[in-house]
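Structure record follows, encoded as structure tokens.
The values are calculated or read from the model by the stated rules, or taken from the named source; none is laboratory data. This is a predicted model, so every value here is computed, not measured. Counting neighbours? That spans all protein chains shown, and the Cβs are built from the backbone with ideal geometry, glycine included.
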């Protein structure tokens, strides 16, 4: 049995229980088991609306399932007599993302008393407090009067939510990654392994420091390579049987690369936005290319250009081989308030007129 066949079996089983409703039925019957309530959620949404943000809920789920999930998430003693619909300006179910960001489907209004769809296509502006089904991004943005960078979209699916909304519509994106909390705990507790990998990388560079293309000696790096392999494996095992979501040894996973490319911000939960003012401008630290991270630009005068020498002088040593290493800004130091941090990959200001995202699958 190959890994490919295992993947196909698991993927087929998950798709089947999702398509035919068993997954949603089990979830609704065990809300306490599968859903994590957060008392900060209604408070954050109210604060957003107080600061003139327009909130929308966009989900692929049908209205009946969405209503049960949202009623549970917003059921607190302080909000006992308030409907979950009142927290949003616009609500769209049955969105069929990622199709929603392309041609979409017919936009129809939902009868919340029965859950049935009203006959005919909805035309005209979206009414606050009403629930709609289907539609497309073109129609939705036209009705709400916002598009592109005006929208901060919060989702938990890298392809259906983040990649498509960013790539095809230019929305600002926030990816929620529940596994991030576990990843941070491993990074903190196993920091010495990250440090050891970096030291081994430096040792590898030192072996070749004084060698060039005229050298006939072949250094023995078998012991060093074995140490790197063992350390990488030990680090991988710290994340459990399935490994890290973001890293494989010293390399980033494909998922991690997609995050950096398409998610403006990512975090364990979007509720962490409570700890930032809504005028806050998130800015990612400068990212160095491999050839930039191998030199100290402030202290190496040989790399400075001048009028007499328009090209920087690069010494012919293996120090300038473009091997990717951890820069100081990228080293994983134990954060003091890791649970409250948001990770930024792009420049993003929260002073947008429209904010929203999916709170359900």
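Here residue 198 meets the list (1) loosely packed, with under 10 Cβ neighbours inside 10 Å; (2) in contact (Cβ under 8 Å) with a residue 60 or more places away in the chain; (3) not in a loop (DSSP other than H, G, I, E, B) almost entirely, failing just condition (1).
Going through (1) under 30 Å from residue 146 (Cα atoms); (2) exposed (fewer than 13 other Cβ atoms within 10 Å of the Cβ); (3) free of Cβ contacts under 8 Å to residues at least 24 places away in the same chain one by one, residue 84 falls short only on (2).
Quick check: is even one residue across the stretch 47-68 assigned by the TED database to the domain that holds residue 112, surrounded by fewer than 12 Cβ atoms within 10 Å (Cβ to Cβ) and closer than 29 Å to residue 150 by Cα? There is at least one residue in the stretch 47-68 that is assigned by the TED database to the domain that holds residue 112, surrounded by fewer than 12 Cβ atoms within 10 Å (Cβ to Cβ) and closer than 29 Å to residue 150 by Cα.
Across the stretch 86-120, the number of residues qualifying as farther than 22 Å from residue 169 by Cα, assigned to a helix (DSSP H, G or I) and in contact with a helix residue (DSSP H, G or I) (Cβ under 8 Å, 6 or more places away or on another chain) comes to 1. Answer yes or no as to whether residue 166 is part of a helix (DSSP H, G or I), modelled with pLDDT of 90 or more and within 25 Å of residue 271 (Cβ to Cβ). Criteria met by residue 166.
Right, residue 75: under 24 Å from residue 134 (Cα atoms) and surrounded by 14 or more Cβ atoms within 10 Å (Cβ to Cβ) or not? Judged against the criteria, residue 75 is not a match.
Screening the candidates 206, 236 for the property of being in contact with a strand residue (DSSP E or B) (Cβ under 8 Å, 6 or more places away or on another chain) and either in a helix (DSSP H, G or I) or over 30 Å from residue 168 (Cα atoms) (or both) yields one hit, 236.
Considering the stretch 142-155, the residues that are in contact with a helix residue (DSSP H, G or I) (Cβ under 8 Å, 6 or more places away or on another chain) and without any contact (Cβ under 8 Å) to a residue 40 or more places away in the chain include one that is farthest from residue 56 (Cα to Cα), namely 148.
So which helices (runs of 4 or more DSSP H) stay within the stretch 1-82 end to end and still have 3 or more residues that are on the phi > 0 side of the Ramachandran plot?
Numbers: elements: 3-19, 22-29, 31-34, 40-50, 63-73.
Output list is empty.
When you look at residue 211, is it part of a helix (DSSP H, G or I) and modelled with pLDDT under 95, yes or no? It is false that residue 211 is part of a helix (DSSP H, G or I) and modelled with pLDDT under 95.
Candidates in the stretch 121-156 are the residues that are part of a helix (DSSP H, G or I) and crowded, with 19+ Cβ neighbours inside 10 Å; of these, the one that is modelled with the lowest pLDDT is 144.
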